[in-house]
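The values are calculated or read from the model by the stated rules, or taken from the named source; none is laboratory data. No experiment lies behind these values; they were computed from the predicted model shown. Positions of Cβ are backbone-derived with ideal geometry, glycine not excepted, and every protein chain shown enters the neighbour counts. To get the accessible areas, we keep the full protein, side chains included, count just its heavy atoms, and leave off ligands, DNA and RNA. Shrake-Rupley method; radii C 1.70, N 1.55, O 1.52, S 1.80 Å.
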Amino acid sequence: PFASDSFDAVAGLRLAFHFANLAELLKSVGSVLRPGGRFVFDTYRWSPRAIVALATRQWGGKVHVHSASTVEAAVKQAGLRIADHTSCFLFSPYVYRLLPLPLVRGLGLVEKRLPESARLRDFWCVEKPGSVSMRS
């Protein structure tokens, strides 16, 4: 456990999909952030692993998906605010690692032409209200 107001920033990538109740995660992280501190995390909009636990030995069990509206509500419930948000990837980044680079670049071009709702993953930066005090 960490004391309240311990961190200026926390990064938690590939973490939120383990939580069915995202507000609990955000409240927990929010409690250790200093005023003005930020938490960067990602969520999945969709995943086949939300339906069926694929490759459980390598990747674990099922995951939880979170719509943008669910994340926004959880952020508000946790007493935080959204500082930034972006979406990317049409498929799991794992798939991108298996493809030849020209195909990955092509997917990037397709991704830019499709609506944000077609993308797989959202990256969020939320902050704890208040100002960051300068420490000596």
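The condition (being over 18 Å from SER117 (Cβ atoms), outside any loop (DSSP other than H, G, I, E, B), open to solvent by less than 60 Å² (accessible area, probe 1.4 Å) and at pLDDT below 90) is satisfied by just one residue among VAL95, VAL63: VAL95.
Does ARG105 qualify as being in a strand (DSSP E or B), of a type in the set (Lys, Arg), open to solvent by 40 Å² or more (accessible area, probe 1.4 Å) and modelled with pLDDT of 90 or more? Judged against the criteria, ARG105 is not a match. Here is the figure for region 7-31: residues that are touching a Ser or Thr at 6+ places or on another chain (Cβ under 9 Å) and open to solvent by 20 Å² or more (accessible area, probe 1.4 Å) total 1. The number of residues in region 80-126 that are small (Gly, Ala, Ser) and touching a helix residue (DSSP H, G or I) at 6+ places or on another chain (Cβ under 6 Å) comes to 1.
Could you please let me know if LEU90 is part of a helix (DSSP H, G or I), surrounded by 14 or more Cβ atoms within 10 Å (Cβ to Cβ) and not aromatic (Phe, Trp, Tyr)? Here the answer is no, as LEU90 does not meet what is asked.
Look at region 73-92 and say how many of its residues are modelled with pLDDT of 95 or more and over 19 Å from VAL10 (Cβ atoms).
Kept after step one, since they are modelled with pLDDT of 95 or more, are these residues of region 73-92: 73-85.
Next cut, over 19 Å from VAL10 (Cβ atoms) only: 73.
Of the residues in region 73-92, 1 are modelled with pLDDT of 95 or more and over 19 Å from VAL10 (Cβ atoms).
Note on region 111-125: residues that are in a helix (DSSP H, G or I) and exposed (fewer than 11 other Cβ atoms within 10 Å of the Cβ) total 3. Looking for something without any contact (Cβ under 8 Å) to a residue 24 or more places away in the chain and either of a type outside the set (A, V, I, L, M) or assigned to a strand (DSSP E or B) (or both) - is there at least one such residue anywhere in region 26-43? Yes: region 26-43 contains one or more residues that are without any contact (Cβ under 8 Å) to a residue 24 or more places away in the chain and either of a type outside the set (A, V, I, L, M) or assigned to a strand (DSSP E or B) (or both).
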